[in-house]
Amino acid sequence: MKTAPFSAAQLRESVIAVPPLARNSSLEICEDENRKIVRFLEAGGIRSLLYGGNAVLYHTRLSEYASLLQMLADVAADETVVVPSLGPAFGLAMDQADILREYDFPTAMLLPSRDAVDQVGIATGVRKLAEAVGKPLVLYLKFDRWLDPGLIKSLEQDGVISWLKYAVVRDHPATDDYLREVLEVFPAERVVSGIGEQPAIIHLRDFGVGSFTSGCVCVAPEKSTQMMNAIHAGDFETAEKIREWFCPLEDLRNGINPIKVLHRAVELAAIANTGPIQPMLSDVTPEQVAEIRDALQRMQASAQ
C-alpha cells in the first residue's frame, strides 16, 4: 500500500471506494476474498480504499484489529492508499490507536456516534485520538450539525484533521447550509462527498469539494471512475448519465439498507464471496436478494 503522507491531490486522483469486508462462515476475516475485492477495484482504476461503515468496522473486535490492519496493508498494491477506521467508542478507539501507531497508514477515520457525546467532547476526543495515532485523522460528518463549524475550524488550526468526509443526507443536496458553513472554515479540496454517486455531481460542481466516496464503485469501478473524470472535466452530461446508471442499485440501498445491500451485491456480481454480514446487522432476505440480482442484471444490460 501507499504510505506517503496524505496530500489533497490524492483525493482527486481516484474515487474513494468504501468496500465491504469479507468474512467466512465463522465470521473470521477472509484475506483471500478481500484481496479479490481489492484487485477488482484496482483493475478498474481505484487507488483509494476507505474501510468504515460498509465494512461494519463499528462492530470489529479489538482482538482482530491488528490482523485486520495487517491484511489491509498486505492486499493493497503499492500505489493504493488505504484508510482504516477506528471507534466509534472513545475507549475502543484509544486502544485501536495504540495498534494503529505500529502501521504506516497515512491516516485513519474516526467513525461517528450520536450516543453519549456532545460537540466539545467530540472535539476533545479527536485531538486526543490524533495525538495517540500520531497523525491527523479523517473526520466523518454523517449527522446534521454533529460538529459546529467553529469547532471544525479549531481542529483544523490544531492540525489534527487530514480530510473531511461529508455524508449528511439531504432531500435536496443543492440546499445544504451546513456544508456551506463547513466550507467557510475548511479547505474545499480536502472535503469529500461521502454519499456515493447520487449527490456527487452537485457536491463537486456546486460546492467545489475535492472528490467522492462510493460503495457502488465496488461492482463497477470503471463506471465510477469515468463519472469522476467527467465531473473533473466539466462534462456533467456524461456524469449525469453514469449517475443514473447506478440508480437501480442505489435505490435498493436507500430503500433496504446501504451496507446490507452492498455486502450481498458484491457477491452476487461474482466479485468475491463476502460471506455473512457482521452482527449487529441481519442479512438481506431471499426476496431482497432477488431484487439485488435484478438490479445488477439491469445495470449490466444497459451498459452494453
* Once you have the Cα-Cα distance between Glu240 and Ser67, take 0.36 nm times their residue separation minus that, and quote the gain in nm to one decimal. => 58.3 nm
* Structure fact -> Counting sequence-distant residues (5 or more places) and residues on other chains, those with an amide H built under 5 Å from that of Ser162 are Leu137, Val138, Leu139
* **Close Lys-Lys pairs in the stretch 9-302, where close means Cα under 30 Å and separation is 8 or more or interchain** => 23
* Counting other Cβ atoms within 10 Å, which chymotrypsin sites (Phe, Trp or Tyr not before Pro) in the stretch 80-160 have at most 14 and lie in a DSSP loop? -> Phe143
* Cβ-defined net charge surrounding Met109, 15 Å radius [Lys, Arg +1; Asp, Glu -1] -> +4
* Asked: For the chain, what is the mean residue ellipticity at 222 nm derived from helices alone (per DSSP H run of n ≥ 4: -39500 (n - 2.57); sum divided by total residues; nearest 500 deg cm²/dmol)?
  -> -13500 deg cm²/dmol
* Rg in Å to one decimal, and Dmax rounded to a whole Å, for the stretch 76-227 via C-alpha atoms -> 15.5, 42
* How big is the gap, in Å, between the Cα center of the stretch 24-61 and the Cα center of the stretch 201-246? -> 22
* In Å and whole numbers, how far do the C-alpha atoms of the chain stretch along each principal axis, longest first? -> 50, 45, 36
* Apply 1/(1 + (r/R0)^6) to the Cβ-Cβ distance of Glu131 and Ala233, taking R0 = 30 Å, and write down the FRET efficiency to the nearest 0.05. => 0.15
* Choice from Pro112, Pro286, Pro20 with maximal GNM fluctuation in the chain (Cα, 10 Å cutoff) -> Pro286
* Determine the relative contact order of the stretch 125-165: mean sequence separation of Cα pairs under 8 Å and six or more apart, normalised by residue count, in whole percent. => 56
* State, as an integer percentage, the relative contact order of the chain based on alpha-carbon contacts under 8 Å between residues 6 or more apart. => 21
* Environment charge at Gly121 (Cβ cut-off 13 Å; Lys +1, Arg +1, Asp -1, Glu -1) -> 0
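Count the net charge of all other residues whose Cβ sits under 12 Å from the Cβ of Val209, scoring Lys and Arg as +1 and Asp and Glu as -1.
+2
FYI, it's all coordinate maths here, none of it is from the lab. As the structure is a computational prediction, the values presented were derived from the model and not from experiment. Neighbour counts run over all protein chains shown; Cβ positions are idealised from the backbone, glycine included.
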